[in-house]
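One structure is given below, encoded as structure tokens.
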Amino acid sequence: TNKYWFITKLFYNSFRTLRFISKHPSVKFGYYGAIIKYLRWHIVKRFLDYPKHIIILKNVKFFLDSSFSQSSGLFYVGLVEYKNLSLLLAYLKEDEIFCDVGANIGTYSVILSKINKCKSICFEPDLNCYNQLNRHIDANKLESKVTAENMICSENNIEKSFFSGKDTLGSIDL
């Protein structure tokens with residue numbers, strides 16, 4: 001084994017993230033701006049007390065929390081999954097319902113319900129993500145538009161083990 005594996009992995013992941021940020025369609029500050037924003041996040045998050053919030057798009061609020069990778073993405077580029085969310089923003093109507101299975105911290109549901117005024121139903125089994133999702137619903141005053149359920153959504157009525165935590169990304173024991 002390589003005794004420098006941690007440093008190698010750290011640099012590799014940092015490079016990948018910086019490349020993602022600098023090539024993202026919603027980023028207007030280029031590679032050097034991406035480096036500055038990346039460094040700023042990683043330095044500032046160690047000294048700030050959470051929660052701090054950012055506003056993206058039309059007054060949509062999200063809380064920054066370093067324990068959620070989605071928070072980092074929102075800080076770096078605004079819309080992490082730019083193409084998917086842009087498509088939904090363009091076509092989802094006010095009288096339609098958006099079903100968000102695996103809602104995480106509610107990026108899709110909160111943005112769509114706030115901007116397009118559609119109703120959203122969210123399913124998020126991870127309790128930490130579910131709690132953060134509810135904070136985002138409250139912060140954006142979307143209680144009448146977004147319903148969040150702390151459960152796994154499945155086509156079968158069976159019991160499975162669900163693992164959550166830092167390195168599991170919410171995995172299910174199949």
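The values are calculated or read from the model by the stated rules, or taken from the named source; none is laboratory data. All figures in this text were calculated on a predicted structure; none of them were measured in a lab. Here the Cβ is made from the backbone with ideal geometry for all residues, glycine too, and neighbour counts use every protein chain on show. With ligands, DNA and RNA removed, areas are computed over all heavy atoms of the protein, side chains included. Shrake-Rupley method; radii C 1.70, N 1.55, O 1.52, S 1.80 Å.
Look at the dipole of segment 114-164 built from charges on Cβ: of CYS129, ASN156, VAL146, the Cα furthest out on the positive end belongs to VAL146. Counting only DSSP beta bridges whose two residues both lie in the chain, roughly 45 percent are antiparallel. With the highest mean first, a sort of the peptides 101-112, 4-15 on other beta-carbon atoms found within 10 angstrom per residue produces 101-112, 4-15.
When only the Cβ of Lys, Arg, Asp and Glu is charged (+1, +1, -1, -1), the dipole of the chain relative to its Cα centre reaches about 1140 debye. Count Lys and Arg as plus one, Asp and Glu as minus one, and take only other residues whose Cβ is under 9 Å from that of CYS118; the net charge is then +1.
Pairs from the table (LYS114/LYS145; LYS93/LYS119; LYS28/LYS117; LYS61/LYS141; LYS52/LYS93; LYS23/LYS52) lying more than 19 angstrom apart at Cα are LYS28/LYS117; LYS52/LYS93; LYS23/LYS52.
Between the labelled values (1) 9, 34, 35, 14, 6, 1, 0; (2) 11, 39, 32, 15, 3, 0; (3) 9, 32, 35, 19, 4, 0, the entry that holds P(r) over Cα pairs in 10 Å bins from 0, in percent as derived from this structure is (3). Taken per residue, the accessible surface of segment 55-101 reaches 57 Å², heavy atoms only and a 1.4 Å probe.
The fraction of accessible area contributed by carbon and sulfur in segment 56-135 is 53 percent, rounded to a whole number (1.4 Å probe; ligands and nucleic acids excluded). Calculated mean residue ellipticity, 222 nm, the chain: -13500 deg cm²/dmol, from DSSP H runs (n ≥ 4) at -39500 (n - 2.57) each, averaged per residue and rounded to 500. Among 120-128, 57-65, the peptide with the highest mean count of other Cβ atoms within 10 Å heads the list, and the full ranking is 120-128, 57-65.
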